[in-house]
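Visitor: Take this structure, written in structure tokens, and hold onto it; I'll ask about it next.
The values are calculated or read from the model by the stated rules, or taken from the named source; none is laboratory data. Fair warning: this is a prediction, and the values are worked out from it, not measured in the lab. Don't worry about glycine lacking a Cβ; one is built from the backbone with ideal geometry, like all the others, and counts go over all protein chains shown. Heads up: the accessible areas ignore ligands, DNA and RNA and are worked out on the full protein's heavy atoms, side chains in. Shrake-Rupley method; radii C 1.70, N 1.55, O 1.52, S 1.80 Å.
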Amino acid sequence: MSNLSKKPFIITIDGPAGAGKGTISKLVSQNMGFHYLDSGAIYRVIAFEANQKGLATDQISQITELIDEINIQFIGDKIFLTDKDVSELIRSEDIGKFASEIAKNEEIRKNILEFQKSFFKPPGLVADGRDMGTVIFPKAKVKIFLTASIQERANRRYKQLILKEKDVNLTDLFQRIKLRDESDKNRKISPLKAANDAYLVKTDNLSIKQSYEKVMEIIKSKIDR
Ligand code: C5P
């Protein structure tokens, strides 16, 4: 599979919170032998650090300064903020909300643009986020927009979170995902939307394996051409 195409290329997988982008993107990158960019994690690490420093989401100049100071590293499955493993700490819905708030800001988005682009190296990249196919990598060879109903996504998140956090409430989670979707879709800069040339994959009734197979079918059909 890793020899499907010799010239390095990009696969973007965008979509709303909890659609399965992370899991599917990781599987695709492993199968293809490609690098992987979890762009949401970058916003989350910044949000985490800003929150730790007691900053509010509208303290943009302080948050931008923070971006210059911190060092985010993706090592294997782990995410490090300088020397601290923050892989689990950044996954809470509170950090997701903070991330979504600061992600509205143009200055912040500009500051991490080059960092995101630097992930594209041979033999290729699978990039997951909200604006990978529309803004960051508009020339990507394959663009996927992965989605599912809010209820389905809330159910999935609930099952993930219940393993880690004690007090998760499904109704509350549904509301939080709905609000984050709305905030991501309706912002002026780089809103969550499918690129015109993206393939839409609805995963409501699909298992992870089925979703993955569907995505791989699309990728193969594009690169075999
Ligand atoms: O994907 P994840 O849920 O980790 O993303 C957290 C938040 O970061 C999103 O709700 C969104 O506001 C922001 N984000 C973004 N652009 C991306 C990836 C994430 O604005 N490419």
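Visitor: Among the numbered criteria (1) within 20 Å of ASP94 (Cα to Cα); (2) in contact with a strand residue (DSSP E or B) (Cβ under 7 Å, 6 or more places away or on another chain), which one does ARG156 miss?
Guide: Evaluating ARG156 over (1) within 20 Å of ASP94 (Cα to Cα); (2) in contact with a strand residue (DSSP E or B) (Cβ under 7 Å, 6 or more places away or on another chain) leaves (2) as the failure.
Visitor: Here are LEU192, LEU179, LEU200: which of them is outside the structural domain of GLU93 (by TED's automatic domain parsing), under 30 Å from ILE108 (Cα atoms) and open to solvent by less than 20 Å² (accessible area, probe 1.4 Å)?
Guide: Exactly one of LEU192, LEU179, LEU200 is outside the structural domain of GLU93 (by TED's automatic domain parsing), under 30 Å from ILE108 (Cα atoms) and open to solvent by less than 20 Å² (accessible area, probe 1.4 Å), namely LEU192.
Visitor: Now for a separate question. Name the single residue, out of those in the range 7-25 being touching a residue at least 40 places away in the same chain (Cβ under 8 Å) and more than 13 Å from the ligand (Cβ to nearest atom), that is nearest to ASN186 (Cα to Cα).
Guide: The residue in question is ILE11.
Visitor: If you check every pair at least six apart or on different chains, which have Cβ atoms under 6 Å apart with a residue in the range 64-77 that is assigned by TED's automatic domain parsing to the domain that holds GLU114 and under 28 Å from SER29 (Cβ atoms) first and a residue that is surrounded by fewer than 16 Cβ atoms within 10 Å (Cβ to Cβ) and not aromatic (Phe, Trp, Tyr) second?
Guide: ASN71/THR82
Visitor: Can you tell me which of (1) in a helix (DSSP H, G or I); (2) open to solvent by 80 Å² or more (accessible area, probe 1.4 Å); (3) in contact (Cβ under 8 Å) with a residue 24 or more places away in the chain; (4) within 27 Å of ASN71 (Cβ to Cβ) is the one LYS110 doesn't meet?
Guide: Here LYS110 meets the rest and fails (3).
Visitor: Could you pull out the residue among ILE90, ILE67, ILE79 that is open to solvent by less than 70 Å² (accessible area, probe 1.4 Å), within 9 Å of the ligand (Cβ to nearest atom) and aliphatic (A, V, I, L, M)?
Guide: Testing whether each residue is open to solvent by less than 70 Å² (accessible area, probe 1.4 Å), within 9 Å of the ligand (Cβ to nearest atom) and aliphatic (A, V, I, L, M) leaves just ILE90.
Visitor: Right, another one. Being among the aliphatic types (A, V, I, L, M) and part of a helix (DSSP H, G or I) is the filter here; which residues of the range 39-84 pass it?
Guide: ALA41, ILE42, VAL45, ILE46, ALA47, ALA50, ILE60, ILE63, LEU66, ILE67
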